[in-house]
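Chemist: Pasting in a structure now, in structure tokens, and then I'll have a few things to ask.
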Amino acid sequence: MRSASISRKTAETDIAVTVHLDGTGRSNIATGIGFLDHMLDLLARHALFDLDVKVVGDLHIDQHHSAEDCGIALGQAFAKALGDKRGVTRYADIHLPMDEALTRVCVDISGRPFLVFRTAFRVEKIGTFDTELVREWFQAFAMNAGLTLHVETLYGDNAHHIAESCYKGLARALRKAVAIDPREEGRVPSTKGSL
Ligand SMILES: [Mn+2]
């Protein structure tokens, strides 16, 4: 079972996460931010990861540290769970529709972190959640997971739908990218021999 736990404590947040890449989609999420809990619940379900996420953050300031540090810890756990990436499919892409919104997510488990994020929100808030933190979370996750990650929302109106298409798209792309390809026969999928 490919799994890992990360504990991360700073003056701003105290975080514990566990990721099982070969899970069933079960999740136990408590970030202190309702909308982010909803997104991570979707991530687990659609990636078929098991996720435990506990964040105690300085929400009396705002949601920034909690969202960003949650992305950092989950990215670190993802990378640790993947290990040396033997046998993985590596590349995946998907177009993920959510009602009127459509987002394309392309991922390379490259070990060379890079984020392209072309998604805009017309409103600043979804409930109490700051929509600009969607990008912050993706940036933190991609950098710490070692992913080349391209996210582009081709169109959409409703901010909840747009955010959901990004997270479900990430989930479905990662589900394919981390899957073991039997034709790789346990090799690292790179001509360099390591990722
Ligand atoms: Mn929803």
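Each reported figure results from applying straightforward, stated rules to the coordinates on display, with no laboratory input. None of these values were measured; they are calculated from a predicted model. Counting neighbours? That spans all protein chains shown, and the Cβs are built from the backbone with ideal geometry, glycine included.
Chemist: May I ask you to say which residue of Gly186, Gly146 is over 18 Å from the mean Cα position of the chain (by Cα), within 26 Å of His20 (Cα to Cα) and away from the ligand (no atom under 16 Å from the Cβ)?
Modeler: That would be Gly186, the only listed residue that is over 18 Å from the mean Cα position of the chain (by Cα), within 26 Å of His20 (Cα to Cα) and away from the ligand (no atom under 16 Å from the Cβ).
Chemist: Right, next: If I go through the range 121-148 residue by residue, how many of them are part of a loop (DSSP other than H, G, I, E, B) and under 20 Å from Gln76 (Cβ atoms)?
Modeler: The qualifying residues number 2.
Chemist: Looking at Glu100, is it within 16 Å of the ligand (Cβ to nearest atom), touching a residue at least 60 places away in the same chain (Cβ under 8 Å), charged (D, E, K, R) and more than 21 Å from Gly34 (Cβ to Cβ)?
Modeler: yes
Chemist: Would you tally the residues in the range 156-182 being within 23 Å of Asp50 (Cα to Cα), surrounded by fewer than 22 Cβ atoms within 10 Å (Cβ to Cβ) and within 13 Å of the ligand (Cβ to nearest atom)?
Modeler: Qualifying residue count, the range 156-182: 0.
Chemist: Could you give me the residue pairs with C-beta distances under 8 Å whose first residue belongs to the range 161-184 and is farther than 15 Å from Glu100 by Cα and among the basic types (Lys, Arg), whose second residue is within 16 Å of the ligand (Cβ to nearest atom) and part of a helix (DSSP H, G or I) wherever it lies, and which are 6+ apart or on separate chains?
Modeler: Arg172/His46; Arg175/His46
Residue by residue, here is whether (1) touching an Asp or Glu at 6+ places or on another chain (Cβ under 6 Å); (2) under 20 Å from Asp69 (Cα atoms); (3) of a type in the set (S, T, N, Q) holds:
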{"position": "Ile94", "(1), (2), (3)": "no, no, no"}
{"position": "Phe129", "(1), (2), (3)": "no, yes, no"}
{"position": "Arg135", "(1), (2), (3)": "no, yes, no"}
{"position": "Phe138", "(1), (2), (3)": "no, yes, no"}
{"position": "Asn144", "(1), (2), (3)": "no, yes, yes"}
{"position": "Lys192", "(1), (2), (3)": "no, no, no"}
